[in-house]
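The values are calculated or read from the model by the stated rules, or taken from the named source; none is laboratory data. These numbers were taken from a predicted model, which means no experiment stands behind them. Here the Cβ is made from the backbone with ideal geometry for all residues, glycine too, and neighbour counts use every protein chain on show.
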Amino acid sequence: MKSKLSPRQQRILSFIQEFMDDHQYPPTVRDIQSGCEVSSTSVVDYNLQKLQQMGYLKREREVSRGIALIGEGLKDSRRDIVRIPIMGSIAAGEPLQVPDAPTHADQSYDTVDLTSSLTKDRQDLFALRVKGTSMIDALVADGDLVILERAFDARDGDMVAAWLDGSEETTLKRFYLEGDMVRLQPENETMEPIRVPAKDVSVRGRVVGVVRSL
């Protein structure tokens, strides 16, 4: 399969591999254009399509950093790649469903490829797409992916995915235990914290990383 790559396609593939090794998230089309000294984004887009057709990568075109290396594209990477299941969105009103073994991505889930330097050999990782701006001051924006480690408890200050029994919804907030109450603190100065009895809160995961959408 390597013989089918043009010099430009090989350069683009190598750039993506090196960029992901260095940054732990994929490059944008404009990153590739600049890094590979390509004349236009349309030329980059054409070659990404060819690389996808040949099984080196997959793309979510509507996502700015929606490139994931697969198959042959992983072989020359300098670090191990860990495939994390994207298990939906974390948003008010939507229940968070986490399977018993989220490290084994089911075919029904999309995935994101991360380097082992970012996952740090953690087990039971999964990703959720953020909807909303409650954590914007922590640089977690609408559309970002948060990488979580499956967990059922938290320390004060941890960013967690918390299930609220009373309202039957999940939320992404900082966790603080205050007596028999839990304060779920947003990172947005325009929003008030959520205070609920500790017995009515279930931690489903701790955030260990963020993949920016822009």
Quick one: is Asp180 over 24 Å from the mean Cα position of the chain (by Cα), surrounded by fewer than 17 Cβ atoms within 10 Å (Cβ to Cβ) and closer than 21 Å to Arg150 by Cβ?
no
Which residues, taken from the range 120-173, are under 18 Å from Pro197 (Cβ atoms) and not aliphatic (A, V, I, L, M)?
Phe152, Asp153, Asp156, Trp163, Asp165, Gly166, Ser167, Glu168, Glu169, Thr170, Thr171, Lys173
Of (1) acidic (Asp, Glu); (2) closer than 25 Å to Ala127 by Cα; (3) assigned to a helix (DSSP H, G or I), Glu62 satisfies every one except (3)
Could you pull out the residue among Asp121, Asp156 that is of a type outside the set (Phe, Trp, Tyr) and modelled with pLDDT of 90 or more?
Asp156
Could you list, in sequence order, the residues of the range 151-193 that are among the hydroxyl-bearing types (Ser, Thr, Tyr) and more than 23 Å from Leu125 (Cα to Cα)?
Ser167, Thr190
Tell me the residue from Met87, Met20 that is modelled with pLDDT under 85, part of a helix (DSSP H, G or I) and under 27 Å from Val140 (Cβ atoms), please.
Met20
Residues of the range 122-156 classified as closer than 16 Å to Ile90 by Cα and of a type outside the set (A, V, I, L, M), total
11
Any hit, the range 189-201, residues being at pLDDT 90 or above, exposed (fewer than 15 other Cβ atoms within 10 Å of the Cβ), outside any loop (DSSP other than H, G, I, E, B) and out of contact with any strand residue (DSSP E or B) (no Cβ under 8 Å at 6 or more places or on another chain):
yes
Going through the range 129-180 in order, the residues found to be aliphatic (A, V, I, L, M) and assigned to a loop (DSSP other than H, G, I, E, B) are Met135, Leu139, Val140, Ala141, Ala151, Ala154
